[in-house]
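These notes are about the structure you will find just below.
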Amino acid sequence: MKGPITHALVLASLLPLVCCAAQAQRYEFVSLCKVLDAPQAYTNKKNALRGSVYIGMESTNISDRDCPGRSIALKVGDDVYEHADIRDFHRKISGWKMQGYATVAGTFTVNNSPLTPYVLDVQKVSDVTKTR
């Protein structure tokens, strides 16, 4: 039996997959200072951070003036580098002397490097503006 009923049944059977895929992409918005104060609580979790972003030759990081002198390294993998939001972010930041303000979402990790003990594996970037 083919027709509208068959199509409706196929679509209905896919709804749980759409639901779960959407939930899997959710990021918890949290302050950068809160993550730095309790990094183990946010390790291997999807977080969205808002702060000042700096792109340099040696490092790229996000910081917050509410917790000066501390930052989280940003890592953009090859798999997301060509995403439109990442390219737009890089283009804008390049025009602003490699710094700006943005919401950066990804998975937070803690590693043993003394130079970059905290890393956010970037998946999405939004709300990109000039540094205040």
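Among the residues making up the range 74-87, those that are surrounded by 12 or more Cβ atoms within 10 Å (Cβ to Cβ) and under 10 Å from residue 122 (Cα atoms) are 74, 75, 76, 80, 86. Scanning the range 44-58 for residues that are open to solvent by less than 30 Å² (accessible area, probe 1.4 Å) and at pLDDT 95 or above gives 47, 48, 49, 51, 53. Residues that are of a type in the set (Ser, Thr, Tyr) and over 18 Å from the mean Cα position of the chain (by Cα) within the range 93-111 comprise just one, 94. Applying the set (1) in a strand (DSSP E or B); (2) farther than 14 Å from residue 129 by Cα; (3) open to solvent by 50 Å² or more (accessible area, probe 1.4 Å) to residue 61 leaves exactly one unmet item: (3).
Going by what's in this entry, would residue 121 be described as surrounded by 13 or more Cβ atoms within 10 Å (Cβ to Cβ) and touching a Gly at 6+ places or on another chain (Cβ under 8 Å)? Even if it seems obvious, please write down each step before you answer.
Values: surrounded by 13 or more Cβ atoms within 10 Å (Cβ to Cβ): yes; touching a Gly at 6+ places or on another chain (Cβ under 8 Å): yes.
Criteria met by residue 121.
Kindly indicate whether any position in the range 33-43 is at pLDDT below 95, farther than 17 Å from residue 131 by Cβ and open to solvent by less than 80 Å² (accessible area, probe 1.4 Å). No, the range 33-43 contains no residue that is at pLDDT below 95, farther than 17 Å from residue 131 by Cβ and open to solvent by less than 80 Å² (accessible area, probe 1.4 Å). Of all positions in the range 125-132, none carries a residue that is of a type outside the set (Val, Ile, Thr), surrounded by 15 or more Cβ atoms within 10 Å (Cβ to Cβ), closer than 22 Å to residue 44 by Cα and modelled with pLDDT of 95 or more. Within the range 114-132, residues that are under 21 Å from residue 95 (Cα atoms) and touching a residue at least 24 places away in the same chain (Cβ under 8 Å) have Cβ atoms under 6 Å from residues that are hydrophobic (A, V, I, L, M, F, W, C) and part of a loop (DSSP other than H, G, I, E, B) in these pairs: 122/76; 130/96, counting only partners at least 6 apart in sequence or on another chain. Scanning the range 67-113 for residues that are closer than 21 Å to residue 43 by Cβ, free of Cβ contacts under 8 Å to residues at least 60 places away in the same chain and touching a helix residue (DSSP H, G or I) at 6+ places or on another chain (Cβ under 7 Å) gives 67, 70, 72, 76, 80.
The values are calculated or read from the model by the stated rules, or taken from the named source; none is laboratory data. Note that the structure is predicted; figures quoted are calculated from it, not measured. Note that we place each Cβ from the backbone using ideal geometry, even for glycine, and neighbour counts take in every protein chain shown. Areas reflect the complete protein model, heavy atoms only, side chains present, ligands, DNA and RNA absent. Shrake-Rupley method; radii C 1.70, N 1.55, O 1.52, S 1.80 Å.
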